[in-house]
Amino acid sequence: MPALDPALEPVFDAVIARNPGEPEFHQAVKEVFESLAPVVRKHPEYMNAAIMERLVEPERQLIFRVPWVDDAGDVRLNRGFRVQFNSTLGPYKGGLRFHPSVNLGIIKFLGFEQTFKNALTGMPIGGGKGGADFDPKGKSDAEIMRFCQSYMTELSRHIGEYTDVPAGDIGVGGRELGYLFGQYKRLTNRYESGVLTGKGIGWGGSLVRTEATGYGTVFFVDEMLQRHGETLEGKRVVASGSGNVARYAIEKAHQLGATVVACSDSGGYVVDERGIDLELLIDIKERRRGRVFDYADEKGGSVRHITGGQIWDVPCDIALPCATQNELDERGAAALVTNGTRIVAEGANMPTTPDGVAVLRAGGVLFAPAKAVNAGGVATSALEMQQNASRDSWSFEHTEERLADIMRGIHDRVLDTADAYGVPDDYVAGANIAGVTQVADAMLALGVI
Ligand code: NDP
């Protein structure tokens, strides 16, 4: 890993001192700062205006109590969060995560990353993230609804189409967004479509939003391959996770001629050499809320389910970590290098540990980071906001075409920036520098606020 520029060391030390017990946030800041030595040299005006100090300090952090009543009539309690990280480029924009692991540090890391990801899309959106330490697993629909209503009762005071526009993330899909939007509408007496994205198609949503993060991930990989005169045709792919991002990455990879042979959930992974049957996977995971081992049970034959172990042991040309942060470590990276994997592209947010990234790079794997690769989700959210503002709805084909254009634009901008700053072909540095400089220039223009 490149050393931090001496000018950034005290800023990073202050991040650690001021945000104790938040290792994911420290990791995300460090990973961005490691790319910024050429930026510090080229832009002394950023340091003079304390831009770096301001970039790592969220504009606002909200923590609130979320009480709700379960089906047995007992009162339950969770903690809700919304971190409004940076609104320089537009209203705060970023998803809500419902998972027992959620804490302030995780939401801060996600909000920080989101700020630069959103800048890379070229759309007018700032960065934010939220969620709760609520576990949707095993809850009835009625419990999910009561939780969402209680969560939104507080959140509604802080969001709005010109202020902060949440969307889904881990544990928050169409069902949860429906309950959240319903409660917002009831509380405010306003049909404010632009307050949330990822809405259902029948009530203000955009076609392609559900598929966008996974599709965008594969469009990005396609651009990486095309640059080397190749395509996805005939490639063997492994995608971790089996949620929103993984499912539609699998779908698009299959459409472009690749075979995705393995996917996973927190209980293990499945290997299906004929290619993951997406219809069955969605039926099990979404409609029946089952596990990937049900997939292996139902398919039978040569389909294997492995508990324990790591999905990265499955040989592949392209690996797409699409589950959660720090799921691909040094050991996983070493297995990928040994098996001759050519490309690792992050569908999830920060799924590769710093040691994992180092092993991949040393092994000659082409590595592309989340803030560029998975930006298609939020970019399509911005397209949803455009449609809501103009009371219009676009066709699937038109919206998908826009998404593909946006991903091509991000890919090229990342590589052009890497070139311009003397780090050619470095997707990590290119993405970090392009995102940071865009936000930093706008912050300078807006003054000390
Ligand atoms: P989902 O909740 O739809 O799916 C998450 C998947 O990851 C599930 O298969 C889940 O398994 C698995 N998973 C979650 N936590 C763990 C864990 N600790 N260990 C192993 N597996 C785990 O979420 P999404 O697909 O929406 O999000 C996945 C990633 O993509 C996240 O990092 C998210 O921040 C990122 N992302 C999502 C976007 C979106 O539009 N949805 C946009 C940009 C980024 P199980 O069912 O067992 O929990």
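The values are calculated or read from the model by the stated rules, or taken from the named source; none is laboratory data. Keep in mind that this is a model prediction, so the values were computed, not measured. Neighbour counts run over all protein chains shown; Cβ positions are idealised from the backbone, glycine included. Ligands, DNA and RNA are stripped out before the accessible areas are found, and what is left, the full protein with its side chains, is counted by its heavy atoms. Shrake-Rupley method; radii C 1.70, N 1.55, O 1.52, S 1.80 Å.
What does the charge add up to near Gly377, with Lys and Arg as +1, Asp and Glu as -1, over the other residues with Cβ less than 15 Å from its Cβ? Spelling it out: positives minus negatives among the neighbours equals +3.
Using the Cβ of Phe64 as centre and a radius below 10 Å, the other residues enclosed give a net charge of +3, where K and R count +1 and D and E count -1. For the chain, the ratio of Cα radius of gyration to the globular rule of thumb 2.2 N^0.38 Å stands at 0.93.
Relative to one another, the C-alpha centroids of region 66-121 and region 370-448 are positioned 21 Å apart. Across the alpha-carbon atoms of region 212-364, the computed radius of gyration and Dmax are 14.2, 42 angstrom.
Overall, region 60-190 carries a charge dipole of about 340 debye about its Cα centre when +1 sits on the Cβ of Lys and Arg and -1 on the Cβ of Asp and Glu, all other atoms neutral. When only the Cβ of Lys, Arg, Asp and Glu is charged (+1, +1, -1, -1), the dipole of region 1-131 relative to its Cα centre reaches about 340 debye.
Can you list the GluC sites (Glu not before Pro) in region 230-324 that are in a DSSP coil and have 10 or fewer other beta carbons within 10 angstrom?
On the way: sites: Glu230, Glu233, Glu251, Glu273, Glu279, Glu286, Glu298; in loops: Glu230, Glu233, Glu273.
Answer in residue order: Glu233.
In Å², what does the accessible area per residue of region 212-364 work out to with a 1.4 Å probe?
Working: 5820 Å² over 153 residues.
It amounts to 38 Å² per residue over region 212-364.
Applying both filters, DSSP loop and at most 13 other Cβ atoms within 10 Å, to the trypsin sites (Lys or Arg not before Pro) of region 128-162 gives Lys137, Arg157. Among complete DSSP H helices in the chain, those whose alpha-carbon atoms stretch at least 27 Å along the helix's long axis and whose mean Kyte-Doolittle hydropathy reaches -1.0 are 209-227, 396-420, 427-446.
Solvent-accessible area per residue for region 60-190 at a 1.4 Å probe radius, Å²?
Details: 4740 Å² over 131 residues.
It amounts to 36 Å² per residue over region 60-190.
From the cross-link list Lys117/Lys299; Lys117/Lys252; Lys42/Lys117; Lys108/Lys199, which pairs have alpha carbons spaced over 30 Å apart? Please report the intermediate quantities before stating the final value.
Values: Lys117/Lys299 38 Å; Lys117/Lys252 22 Å; Lys42/Lys117 22 Å; Lys108/Lys199 24 Å.
Lys117/Lys299, as the Cα separations exceed 30 Å there.
Shown for the chain: the carbon plus sulfur share of the solvent-accessible area, taken with all protein chains present and a 1.4 angstrom probe, equals 50%.
Asp294: net charge of surrounding residues, Cβ under 11 Å, Lys/Arg +1, Asp/Glu -1, itself excluded? Overall, the nearby charge balance is +1.
Using only alpha carbon positions, build the gyration tensor of region 324-408, then give the equivalent ellipsoid semi-axes as the square roots of 5 times its eigenvalues, largest first, whole angstrom. All intermediate terms of the calculation are to be shown ahead of the outcome.
Values: eigenvalues 239, 32, 13 Å².
One finds semi-axes of 35, 13, 8 Å for region 324-408.
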